[in-house]
Amino acid sequence: MKLFRFGPPGDERPGVLLPDGARVDASGFGGANGANGAGVARVDWNEAFFGEGEAGLGRLARWVATDAAKAPRVPAGARLAPAIARPSKLVCIGLNYRDHARESGAALPGEPIIFLKATSALAGPDDDLRLPVGGEKTDWEVELALVIGARAKYVAREDAMAHVAGFVLHNDYSERGFQLERHGQWTKGKSADGFAPLGPFLLTAAPPDEPFNYASTRLWLKVNGETKQDGTTADMIFDVPTLVSYVSQFMTLLPGDVISTGTPAGVGLGHKPPVYLRPGDVVEYGVDGLGQARQRILAAAE
């Protein structure tokens, strides 16, 4: 299934993209956070929903089969929101593609490099991106991200995929000046508002959903129509099951948490000389099977 969210900030609603391309409002679907449709609270694609695991996804699949055709259609011009509601954690992996490590002049890491991105950075897949105040080196990073579907703590690699709810497109925007020149960890260069657009949809991974080829799928990104990144997840140093297992050794992953798995070569920092985003630029990007997204770059607020 393909799950999305829509509506203005602060009033987002859950939706489902049907096989025929129709987008339906799934607010009428009951869940653990919606008292099984009793209207106590609005259902959303969040920790409570993903915490139901395959049971919740199974109930949703049955709702889609029996009730989605009667559900309201999402208006054509509706804003797409982040594909999941704000998670407890957004965990990112640095230098996880061989070609990106080479362009960065870094040795291949012996273990995954982990940093956190503030969840307040979440944005819709087509929201404008306003540059941060004082930022002069904002960069792009198209990434495959996964969403946790079951609590994960000290998970073995061979069991890791049982803890994954699905996959989603992410752009790990980075202000390199803040990240590399401001005497701190990477998080401060990764967490400005709008620096984590997620979507357009979450592709669920629970049976009987068709498997997503996370091990070898294409990622691409363009700036003003010019291709900057064009890679494949087959170039990852640490694959998806390894990352889920590894991160779970250091922190408990909760349902709805996000792990973003790294970016291929072609970032602005890797150009010689480096090239960064400026007001008026348009960034377009995608992952095969997960759709595509677009941000218009705006000047920093005065």
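The values are calculated or read from the model by the stated rules, or taken from the named source; none is laboratory data. None of the values given here were measured: they were computed from a predicted structure. All Cβ positions, even for glycine, are placed from backbone atoms using ideal geometry, and neighbour counts span all protein chains on display. With ligands, DNA and RNA removed, areas are computed over all heavy atoms of the protein, side chains included. Shrake-Rupley method; radii C 1.70, N 1.55, O 1.52, S 1.80 Å.
Which whole-number percentage describes the relative contact order of the stretch 203-302, with Cα contacts under 8 Å and a sequence gap of 6 or more? Intermediate results must be reported in sequence, preceding the final value.
Numbers: 117 pairs, mean separation 29.1, N = 100.
Relative contact order comes out at 29 percent.
Considering only DSSP beta bridges where both residues belong to the chain, give the percentage that are antiparallel (nearest 5). List each step's numbers first, then the result.
Numbers: 50 of 57 bridges.
Of all bridge pairs located within the chain, approximately 90 percent are antiparallel.
Diagonalise the Cα gyration tensor of the stretch 39-180 and give the resulting equivalent ellipsoid semi-axes, square root of 5 times each eigenvalue, largest first, whole Å. Could the numbers behind the result be given before it?
On the way: eigenvalues 209, 101, 33 Å².
Working from the Cα gyration tensor, I get semi-axes of 32, 22, 13 Å.
Where the convex hull is taken over the Cα atoms of the stretch 233-274, what is its projected area averaged over directions, in nm²?
Details: hull surface 16.5 nm².
Computed as one quarter of the Cα hull surface, the answer is 4.1 nm².
List the residues, sorted by chain then number, that are 5 or more residues from GLY94 or on another chain and whose placed amide H is less than 5 Å from its amide H.
Counting only residues 5 or more places away or on other chains, the set is ILE113, ILE114, PHE115.
Greater than 24 Å separation of Cα atoms is the criterion. Which listed pairs, LYS2/LYS228; LYS2/LYS153; LYS228/LYS272; LYS190/LYS272; LYS153/LYS188; LYS89/LYS228, meet it?
Violating the 24 Å Cα-Cα cut-off are LYS2/LYS228; LYS2/LYS153; LYS153/LYS188; LYS89/LYS228.
Taking all protein chains in place and a 1.4 Å probe, what share, in percent, of the accessible surface of the chain do carbon and sulfur account for?
Numbers: 6610 of 12710 Å².
On the chain, the fraction of accessible area on carbon and sulfur atoms equals 52 percent.
Show me 224-236, 88-100, 255-267 ranked by packing, highest mean number of other Cβ atoms within 10 Å first. Mind dumping the intermediate values first?
On the way: 224-236: 16.0, 88-100: 21.8, 255-267: 25.0.
Ranking, from highest mean packing down: 255-267, 88-100, 224-236.
Just the projected area, averaged over all directions, of the convex hull on the alpha carbon atoms of the stretch 148-302: how many nm²?
On the way: hull surface 41.7 nm².
Computing the convex hull of the Cα atoms and averaging its projections yields 10.4 nm².
What full-extension length gain, to one decimal in nm, is calculated for ALA215 and ALA76 as 0.36 nm per residue of separation minus the Cα-Cα distance? Before the final figure, lay out each step's value.
On the way: separation 139, 0.36 × 139 = 50.04 nm, distance 3.34 nm.
The span from ALA215 to ALA76 would gain 46.7 nm if fully extended.
Explain nothing, just the number: relative contact order of the chain, from Cα pairs under 8 Å at least 6 residues apart, as a whole percent. Mind dumping the intermediate values first?
Details: 764 pairs, mean separation 71.6, N = 302.
Result for the chain is 24 percent.
Order of 271-281, 188-198 by packing, highest average Cβ count within 10 Å first?
Numbers: 271-281: 13.4, 188-198: 23.0.
Top of the packing list down: 188-198, 271-281.
Between the stretch 69-112 and the stretch 133-193, what is the separation of their alpha carbon centroids in Å?
Rounded to whole Å, the Cα centres lie 7 Å apart.
Mind checking the per residue accessible area of the chain for me, 1.4 Å probe, whole number of Å²? Don't skip to the end; give the middle numbers.
Working: 12710 Å² over 302 residues.
Averaged over the residues of the chain, the accessible area is 42 Å².
What FRET efficiency would be calculated for the residue pair ASN224, GLU111, taking the C-beta separation as r and a Förster radius of 41 Å, to the nearest 0.05? Mind showing how you got there, number by number?
Values: r = 37 Å, r/R0 = 0.89.
Efficiency, from the Cβ-Cβ distance: 0.65.
Students often get this wrong, so try it: which of [x] 16; [y] 28; [z] 12 is percent of Cα pairs over 37 Å apart as calculated from the structure shown?
[z]
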